[in-house]
Amino acid sequence: SQTLGESTTTTSAYVDLGFSQRVSSVFQGCNEAVLAYGCTGSGKTFTIFGNAHRPGLLTLFAQDILARVPSGGQVLVSCLELTHAAVTDRLGDSGLERQQGSVMVGGKQVKFTAVVVHSVRQVLAVLDRAIVHRRVGSTTYNQCSSRSHVLIRFHVRVPVAKGEAVGCLSVVDLAGCEREVHNATDQGRQEARQINQSLTQLNRTLLKMQTRELDPSDRRQGALNAVLYDSFKDGGICAIFCIDPRLDRLAEARHTLAMATSCLAIRTVKRVNRHPTRETQADLSDARMGALTR
């Protein structure tokens with residue numbers, strides 16, 4: 001674990017937290033997840049997205065990933081907005097080559113779009129258009145507070161001997177936990193209730209990961225768990241816990257730090273995802289057929 005102060009830049013955090021090694025893991029065919037966790041107004045969205053003057057983690061991940069793509073490799077990006085029970089594809093028609101994917105949420109297949117990207121500029125342009133539609137609202141502590149979780153994924157395909165390695169990096173900007181009384185409207189209080197319920201389900205999953213006790217029932221605990229289940233079960237995870245240092249946010253800071261302390265015990269075993277090429281599949285099929293006829 002690392003403790004980073006207010007003066008730490010996102011670029012320094014990228015190095016200090018070993019994110020380059022996580023990108024290497026993705027290129028080997030593993031799943032990795034990076035989550036920004038904390039109360040409303042603690043800096044999660046800035047950490048992930050940055051601004052015009054300071055790059056966020058997304059920009060740094062895009063630079064790192066696209067600089068490594070070998071000949072024959074491919075990178076796709078997807079963007080999903082998640083509330084307690086719903087998943088919304090935020091990419092739409094970007095004009096880029098795209099592929100369709102799906103995820104099971106609430107017993108239903110939810111389709112989403114992933115676009116092929118070749119440059120950091122393409123990644124940022126696609127995500128800028130996607131994020132502009134994210135749900136936001138006003139609370140006591142933040143005039144433009146995220147009212148949903150956003151999941152951005154880099155899907156990486158790399159040719160290897162007799163097949164391809166398929167890895168995925170999930171970057172999650174979680175909506176902030178907050179007290180319902182800090183919202184002035186009935187809608188705001190309802191949104192806060194749903195956000196807190198979603199985060200409670202996530203907390204239970206993170207706690208179960210300490211003893212590797214995840215089971216298929218955890219996939220059914222809300223949209224967030226449904227989408228991240230495979231990454232949690234067989235991939236790596238890094239959670240960035242953001243703290244608001246103001247004295248009147250002390251209770252929220254203590255809650256965040258308690259969750260961070262619990263997550264220190266998480267241990268994961270990564271699964272390498274390798275897919276055979278069509279030619280290799282044909283060879284294997286021929287070999288099996290030969291074995292049956294002998």
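The values are calculated or read from the model by the stated rules, or taken from the named source; none is laboratory data. For clarity, every value in this text was computed on a predicted model and none was experimentally measured. Backbone-built Cβ (ideal geometry, glycine too); neighbour counts: all protein chains shown. Note: accessible area is taken over every heavy atom of the protein model, side chains too, but ligands, DNA and RNA are not part of it. Shrake-Rupley method; radii C 1.70, N 1.55, O 1.52, S 1.80 Å.
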Choose one of G5, C238, Q99: the residue whose Cα lies farthest towards the positive end of the charge dipole of the chain (beta-carbon charges +1 Lys, Arg; -1 Asp, Glu; about the Cα centre). Q99
Of (i) 0.95; (ii) 2.95; (iii) 1.05, which one was derived for Cα Rg over 2.2 N^0.38 Å from the structure shown? (iii)
As a test question: what accessible area, to the nearest 10 Å², does V166 have when a 1.4 Å probe is rolled over all protein chains in place? 30
Can you give the accessible area per residue of the chain, in Å², using a 1.4 Å probe? 51
Which of K162/K270; K111/K233; K44/K111 have a Cα-Cα distance over 25 Å? K44/K111
Could you sort D218, D93, D16 by accessible area so the largest value comes first, with the probe set to 1.4 Å? D93, D16, D218
Ranked order, T261, T256, T268 - accessible area, probe 1.4 Å, largest first: T261, T268, T256
Could you order the peptides 57-67, 26-36, 194-204, 105-115 from most to least packed, using the average number of other C-beta atoms within 10 Å per residue? 26-36, 57-67, 194-204, 105-115
Percent carbon-and-sulfur accessible area, the chain, ignoring ligands, DNA and RNA, probe 1.4 Å: 51
